[in-house]
Amino acid sequence: MAPSGSRSIKRSCQTVLYWIPVIFITLIVAWSYYAYVVQLCIESIDNIGQKIVYLLAYHVVFILFTWTYWQTIFTKPMNPLKEFHLSYSDKELLEREDRGESQQEILRRIAKDLPIYTRTMSGAIRFCDRCQLVKPDRCHHCSVCDKYDSAHGPMVNNCVGFSNYKFFMLFLAYSLLYCIFITATDLQYFIKFWTNGLPDTQAKFHIMFLFFAASMFSVSLASLFVYHCWLVCKNRSTLEAVRAPAFRHGADKNGFSLGLSKNFRQVFGDEMRYWPFPVYSSLGDGCSFPTCLVNQDPEQPTSPGHNPPPNKAVVGESHQFPAKPLRESQSRLLNSAPSWTENGGAEDKERRGTSNPAMAIENET
């Protein structure tokens with residue numbers, strides 16, 4: 001009983017600790033709302049028209065910012081599909097084998113018909129001993145959430161993966177817009193603070209600290225947002241940006257890149273009307289990912305005499321795949337042309353609307 005009780009206390013303390021960044025951000029946002037709406041707009045701005053415009057614009061950005069933050073935090077990561085889990089007989093067979101090579105033979109047989117392309121750096125089948133399953137591409141067990149998804153984001157206390165990566169991108173965009181808007185509209189009153197143009201009230205200090213906080217957060221958020229935009233354009237996770245994913249032919253940092261347009265659509269979807277809002281519209285099932293197995297970085301010049309291996313495709317040419325089943329979500333993403341339409345069509349939405357927002361496109365070690 002004692003060990004069990006101590007583990008329970010430890011888990012409770014860890015849960016509280018993990019929520020501290022979210023609580024801190026929530027308190028900062030709540031204070032910024034009070035400082036901007038009450039102290040700046042209501043107490044300090046005399047022009048009625050300017051006051052109305054500022055309040056309307058502020059609340060539009062504020063609602064989008066809080067909405068995306070909420071969705072990023074409370075969108076639950078999902079577990080791999082049943083087909084990736086070992087059957088009872090396979091588990092017993094795997095446990096009876098002592099040698100690693102024999103276990104790999106079993107795993108290779110199980111993974112033969114699964115839509116996976118990546119391997120470990122040594123070329124072995126990626127297997128999770130804790131969950132007893134073959135790991136889907138680009139997915140890892142999160143040690144913080146104890147769920148099978150991706151990298152844990154401290155400031156959202158949730159894994160940032162396929163199911164909420166669009167929400168996370170929008171959260172970064174709207175939080176940056178929120179800070180820039182406050183900085184821009186607060187600037188003239190911040191200058192008045194230093195030139196003694198404001199009455200000597202508590203609003204002076206709220207205006208000063210509001211400007212400093214918004215401007216400092218703008219710098220950090222801008223760098224993070226630009227970095228993740230680059231990751232979306234390259235179709236890479238944070239881990240893949242540091243260490244290229246390994247395929248059967250070797251490591252390939254561009255292995256999941258389908259080109260700028262399709263990389264963007266994989267995260268945000270086809271229909272433009274859904275892009276600005278935190279509603280699920282990503283393409284795919286989050287458990288299998290199309291790959292064109294590109295070895296050459298299109299940003300780098302091709303070296304003379306370089307010939308890519310025969311099982312690799314070149315951007316713009318026909319896509320070559322290993323002998324694996326190709327899911328409907330992959331076929332559609334690879335074969336369809338960008339629609340970029342406002343309506344998208346009922347048939348298109350029906351095909352995609354029930355896809356499973358399961359696994360992650362970001363990973364943790």
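The values are calculated or read from the model by the stated rules, or taken from the named source; none is laboratory data. Because the structure is predicted, anything quoted here is derived from the model rather than measured. Neighbour counts are summed over all protein chains in view; Cβ atoms, including those assigned to glycine, are modelled from backbone coordinates with ideal geometry. Ligands, DNA and RNA are excluded from the accessible area calculation, which covers all protein heavy atoms including side chains. Shrake-Rupley method; radii C 1.70, N 1.55, O 1.52, S 1.80 Å.
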Give just the number: which of (1) of a type outside the set (S, T, N, Q); (2) assigned to a helix (DSSP H, G or I); (3) open to solvent by 90 Å² or more (accessible area, probe 1.4 Å) does Pro21 not satisfy? (3)
Within region 254-281, restricting attention to residues that are touching a Ser or Thr at 6+ places or on another chain (Cβ under 7 Å) and charged (D, E, K, R), which residue is surrounded by the most Cβ atoms within 10 Å (Cβ to Cβ)? Asp270
Please state which one of Asp137, Asp98, Asp90 is modelled with pLDDT under 85 and not aliphatic (A, V, I, L, M). Asp98
Which one of the conditions (1) open to solvent by less than 40 Å² (accessible area, probe 1.4 Å); (2) closer than 18 Å to Ile180 by Cα; (3) within 22 Å of the chain's Cα centre (by Cα); (4) of a type outside the set (A, V, I, L, M) does Thr66 fail to meet, given that it meets all the rest? (1)
Would you check which residues across region 96-113 are open to solvent by 70 Å² or more (accessible area, probe 1.4 Å) and not in a helix (DSSP H, G or I) and list them? Asp98, Arg99, Lys112, Asp113
For region 118-141, state whether one or more residues are under 28 Å from Leu64 (Cα atoms), of a type in the set (Gly, Ala, Ser) and open to solvent by 10 Å² or more (accessible area, probe 1.4 Å). no
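Yes/no per residue for (1) in a helix (DSSP H, G or I); (2) farther than 30 Å from Gln39 by Cβ; (3) of a type outside the set (Gly, Ala, Ser):
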residue: Tyr69; (1), (2), (3): yes, no, yes
residue: Lys76; (1), (2), (3): no, yes, yes
residue: Asp90; (1), (2), (3): yes, yes, yes
residue: Leu94; (1), (2), (3): yes, yes, yes
residue: Pro115; (1), (2), (3): no, yes, yes
Residues located in region 178-207, provided they are in contact (Cβ under 8 Å) with a residue 40 or more places away in the chain and buried (at least 17 other Cβ atoms within 10 Å of the Cβ): Tyr178, Cys179, Phe181, Ile182, Thr185, Asp186, Tyr189, Leu198, Ala203, His206, Ile207
From the options Ala222, Ala251, residue that is touching a residue at least 12 places away in the same chain (Cβ under 8 Å), open to solvent by 20 Å² or more (accessible area, probe 1.4 Å), under 20 Å from Thr72 (Cβ atoms) and out of contact with any strand residue (DSSP E or B) (no Cβ under 9 Å at 6 or more places or on another chain): Ala222
Out of curiosity, is Leu40 closer than 30 Å to Ile180 by Cβ and touching an Asp or Glu at 6+ places or on another chain (Cβ under 8 Å)? yes
If you check every pair at least six apart or on different chains, which have Cβ atoms under 8 Å apart with a residue in region 143-171 that is closer than 21 Å to Ile23 by Cα and among the basic types (Lys, Arg) first and a residue that is surrounded by 20 or more Cβ atoms within 10 Å (Cβ to Cβ) and modelled with pLDDT of 90 or more second? none
Scan region 50-63 residue by residue and report those that are in contact (Cβ under 8 Å) with a residue 24 or more places away in the chain and surrounded by fewer than 13 Cβ atoms within 10 Å (Cβ to Cβ). Ala57
Residues Phe205, Phe162: which one is under 25 Å from Phe65 (Cβ atoms) and either under 20 Å from the mean Cα position of the chain (by Cα) or outside any helix (DSSP H, G or I) (or both)? Phe162
